[in-house]
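What follows is a set of notes on a single structure, which appears directly below.
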Amino acid sequence: MKKIRKAVLPVAGLGTRFLPATKALPKEMLTVVDKPIIQYVVDEAREAGIEHFIFVTGRNKTAIEDHFDVAVELYDTLSRRGKTEILERLQALQPEPGQTSYTRQQVPLGLGHAVWCARELVGDEPFALLLPDMIMQSEPGCMKEMVELYERTGGNVLAVEECDPSQTHKYGIVGRGKNAHSGFEITAMVEKPKPEDAPSNFYINGRYILQPEIFSLLEDQETGAGGEIQITDAMLRLHAKQPFFAHIYRGRTFDCGSPEGFIKANIALALQQESLKPQVLGFLKDFLDEEGLA
Ligand code: UTP
């Protein structure tokens, strides 16, 4: 069985839900407390043993490359000023030389198309795919647990969570087969089914381990929902040939692709930092009182 060494991070979307903030700034660089969203996702992948990060970028995304690069002048200045703590933190977050690759999706034709753009960089090996606007908070991390499941089952692995059964029409829903380690074998995948047609209430939440055969399917994948090339459509075709397993993720998820999820992430992660908690909590209490919302 081939080890999962590479992760694909598709960051070429337009981020229209965050306009005007994302007119010149990538959505993935928006800050949750003191780190850009993408840093949380890269950290999750690194914890899972990923050695190579493949970013599928687009226009206006150079800030992501700069973020993961060595900032020589900044590091020198911090060092001269004796700011060793923050310097060490910056250096610890930094990938090693040669661990990152960038390719461009020239036109944002959909998530499936973005993944396909990484085919040459991934090559003939299974890989992790992480939606870079989803922050997953758990110990161990979601991708680490998925890799553990994959090492027992092989095949393809998707992380799933349970939604309210009345909300299945918002998600990609999977069918539940026999149990496997931290999850189960997937019997079906249905995109946004009505509650009465849904095979379960487990939805695909933005973390995947996929076999490289997905690329040849994406190559001729026709456009699907929203006029975009959808990864789910290609996974459905792959499912006809290869097994898929679900890892039941039990941590917290912040969908930072929407303003609501992004704000929740900022509040929750700020309240988890001892240095910020008293001030933020005090402010929230006062604000709710003043606005009559308590
Ligand atoms: P989203 O649909 O959530 O991102 O795709 P978006 O299109 O940027 O956001 P909105 O809907 O306009 O606000 C999930 C992830 O897939 C990437 C996005 O960057 C995002 O991180 N993506 C999406 C691509 O890389 N290319 C695409 O063509 C579409």
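How high is the relative contact order of the chain, in percent, counting Cα pairs under 8 Å that sit 6 or more residues apart?
22
Here the translational diffusion coefficient of the chain follows from Stokes-Einstein with Rh set to the Kirkwood radius across Cα pairs; for 20 °C and 1.002 mPa s it amounts to 105 µm²/s. Taking a straight line from the alpha carbon of LYS192, these lysines sit under 27 Å away, with near neighbours fewer than eight places off in the same chain left out: LYS27, LYS170, LYS178, LYS241, LYS264.
Excluding SER166 itself, calculate the net charge of residues whose Cβ lies under 11 Å from the Cβ of SER166, where each Lys or Arg counts +1 and each Asp or Glu counts -1.
Numbers: positive: LYS170, LYS194; negative: ASP164, GLU196.
Taking every Cβ under 11 Å from that of SER166, the sum is 0.
Each of VAL41, PHE55, LEU217 was scored by the projection of its Cα onto the charge dipole of the chain, and the greatest displacement toward the positive side belongs to LEU217; charges sit on the C-beta of Lys, Arg, Asp and Glu. When all protein chains stay in place and ligands, DNA and RNA are ignored, the 1.4 Å accessible-area order of GLU47, GLU145, largest first, is GLU47, GLU145.
Computed over the alpha carbons of the range 1-71, Rg followed by Dmax gives 13.1, 46 Å. Enclosing the Cα atoms of the range 61-112 in their convex hull gives a volume equal to 99 cubic angstrom per residue.
Shape summary of the range 230-294, radius of gyration then Dmax from alpha carbon positions: 19.8, 59 Å.
A simple spin-label model places the labels of ARG89 and LEU284 2.1 nm from each other, with each point 7 Å out along Cα-to-Cβ.
I need the per residue convex hull volume for the range 186-235, using only the alpha carbons, in cubic angstrom as a whole number.
Values: hull volume 5.0 nm³, N = 50.
Taking the convex hull of the Cα positions in the range 186-235, it is 99 Å³ per residue.
Could you tell me what percent of the accessible area of the range 1-148 is made up of carbon and sulfur, with a 1.4 Å probe and every protein chain present? Show your work: numbers first, answer last.
On the way: 3680 of 7290 Å².
Looking at the range 1-148 in its full context, I get 50 percent from C and S.
Surface exposure of the chain, expressed per residue as accessible area with a 1.4 Å probe, stands at 51 Å².
The values are calculated or read from the model by the stated rules, or taken from the named source; none is laboratory data. What you are looking at is a predicted structure, and each value in this text was computed from that prediction instead of being measured. Methodologically, a virtual Cβ is constructed for each residue, glycine included, from the backbone with ideal geometry; neighbour enumeration extends over all protein chains shown. Areas reflect the complete protein model, heavy atoms only, side chains present, ligands, DNA and RNA absent. Shrake-Rupley method; radii C 1.70, N 1.55, O 1.52, S 1.80 Å.
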